[in-house]
1. Please say if segment 57-113 is rounded, prolate or oblate, where rounded means a/c under 1.5 for a ≥ b ≥ c the square roots of the C-alpha gyration tensor eigenvalues, and otherwise the choice is prolate for a/b larger than b/c and oblate otherwise?
2. Taking the inverse of the average 1/r across all pairs of different Cα atoms in segment 105-165, what Kirkwood radius in Å do you get?
3. Do you know the relative contact order of segment 72-186, to the nearest whole percent, from alpha carbon pairs under 8 angstrom that are 6+ apart?
4. From the Cα gyration tensor of segment 45-186, with a ≥ b ≥ c the square roots of its eigenvalues, which class applies: rounded if a/c is under 1.5, or else prolate if a/b is larger than b/c, or else oblate?
5. Can you order the peptides 59-66, 117-124 by their average number of other Cβ atoms within 10 Å per residue, highest first?
6. For the chain, what % of the accessible area comes from carbon and sulfur atoms, probe 1.4 Å?
7. Which ³J(HN,Hα) values, rounded to whole Hz and listed in residue order, are derived for segment 120-134 from phi using the Karplus coefficients 6.51, -1.76 and 1.60 in 6.51 cos²θ - 1.76 cosθ + 1.60 with θ = phi - 60°, glycine and proline given as x?
Amino acid sequence: MGYHTFDAARADKLEETAWRYRFLSAEELLWALSPSPEHAVADLGSGTGFYTDDVAPHASEVYAVDVQEAMHEYYREKGVPANVELVTTDIEELPFENGSLDAAFSTMTYHEFASDDAFAAIHRVLGPTGRLAIVDWTATGTGENGPPLDERYTVGAAADSLRDHGFAIEHEISRPETFLLVATIE
């Protein structure tokens, strides 16, 4: 599979509310993630913080993790909530203590980091009741939005990869352009 990283020069596109919520609403993300006011949550591939902002009011602390410092610069200019910390790193190198996160989520970035090392890092940082919500472009989509079809995964392939790395799948669904997975630590 490819490693398609969204072009930071096009960051404004990530703030188009109607377009973003067409593929994943804030309500659906909050349902999948089930954050609580005591939770520490990581947004894996946070970009401009569009979905980070939706989760922040529902968690104690949120880590906006992105590999591109340019995305964090955009987020800073937009305004970062007080309980959000920006973390610039690859998913494979998450700098959090073992079991320190209650939840993590990825919106339209799974295809960018899907690897054994990334899954191991996510598993390591999630606590024993940790929850992982993933929404990404599906390989069965049209390819009109998101990365090229050959860089995408099906919901089944993504679920199998997570199972292989110690996650239990609680919910999986394939939609016309995206899939949604909710997983917990086994």
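1. oblate
2. For segment 105-165, the Kirkwood estimate is 12.2 Å.
3. About 24 percent, as a whole number.
4. On the way: a/c = 1.71, a/b = 1.18, b/c = 1.45.
Taking the square roots of the gyration eigenvalues as a ≥ b ≥ c, segment 45-186 is oblate.
5. 59-66, 117-124
6. 49
7. In residue order, the calculated couplings are 5, 5, 5, 4, 4, 7, 7, x, x, 10, x, 10, 10, 10, 10 Hz.
The values are calculated or read from the model by the stated rules, or taken from the named source; none is laboratory data. Computed from a prediction, not measured in an experiment: that's the story for all the values here. Every residue, glycine among them, receives a Cβ derived from its backbone with ideal geometry; neighbour counts consider all protein chains shown. Accessible surface areas use protein heavy atoms only, side chains included; no ligands, DNA or RNA. Shrake-Rupley method; radii C 1.70, N 1.55, O 1.52, S 1.80 Å.
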